[in-house]
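Structure first, then comments.
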Amino acid sequence: MTTPTELLRDAQLRVTRPRVTVLEVLRDHPHASAEAVAQEVRAAIGTVSTQAVYDVLHALEGASLIRRFEPAGSSARYELQAHDNHHHLVCRRCGTITDVECGTGSRPCMDAPDDHGFAVDETEVTYWGLCPGCRSNIP
């Protein structure tokens, strides 16, 4: 597995403790909000401003090291960029987010039936429902 330091160097980004720590946090806590990332970074390295964490997230996203996605009604979430065409399952009740492979195993969702002249470079598919824990709590 590639280390955070190697990822940063390969992306030609300066290796800093906050950047390394954000990558480590997202490795251990996929689908984390910026606020959750900031809390974990502070726990690991001490004082760091929320703005600094947002700046790191923005730089890592710009270098395609992380992926940002926004489930409807939720704050933005971040995960390591896997370049694997996966989608997400989101629980309507508790907000749990789980990765799920593309339903067809390929990228047909990148080929819109009518692209209206757009050059499509990204597609987000989100499946919504109730997770097993929430389903078991339904009377």
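The values are calculated or read from the model by the stated rules, or taken from the named source; none is laboratory data. Please read all numbers here as calculations on a predicted model, not as lab measurements. All Cβ positions, even for glycine, are placed from backbone atoms using ideal geometry, and neighbour counts span all protein chains on display. Areas reflect the complete protein model, heavy atoms only, side chains present, ligands, DNA and RNA absent. Shrake-Rupley method; radii C 1.70, N 1.55, O 1.52, S 1.80 Å.
Which one is right for this structure if Rg and Dmax of the Cα atoms in Å is calculated from it: [x] 13.7, 41; [y] 15.2, 50; [z] 16.9, 54? So the calculated entry is the one marked [z].
Of the peptides 114-126, 4-16, the ranking by mean beta-carbon count within 10 Å, highest at the top, reads 4-16, 114-126. Between His31 and Tyr78, Glu79, Leu80, the built amide H atoms are under 5 Å apart, and every one of these is 5 or more places off in sequence or on another chain.
Whenever you get a sec, compute what percent of the accessible area on the chain sits on carbon and sulfur atoms (1.4 Å probe). Accessible surface attributable to carbon and sulfur in the chain totals 48 percent. About its Cα centre, the chain has a charge dipole of approximately 600 debye under the convention of +1 per Lys or Arg Cβ and -1 per Asp or Glu Cβ, with nothing else charged.
Listed values for segment 26-35 are Karplus-derived 3J(HN,Hα) couplings in whole Hz (6.51 cos²θ - 1.76 cosθ + 1.60, θ = phi - 60°), namely 5, 5, 8, 9, x, 6, 7, 6, 4, 5, and x replaces Gly and Pro.
With a 10 Å radius around each residue's Cβ, average the other Cβ atoms per peptide and rank 18-30, 39-51, highest first.
Taking the mean over residues of other Cβ atoms within 10 Å, the ranking is 18-30, 39-51.
Helical runs assigned H by DSSP (4 residues or longer) give the chain a calculated mean residue ellipticity at 222 nm of -10500 deg cm²/dmol, each run adding -39500 (n - 2.57) before division by the residue total.
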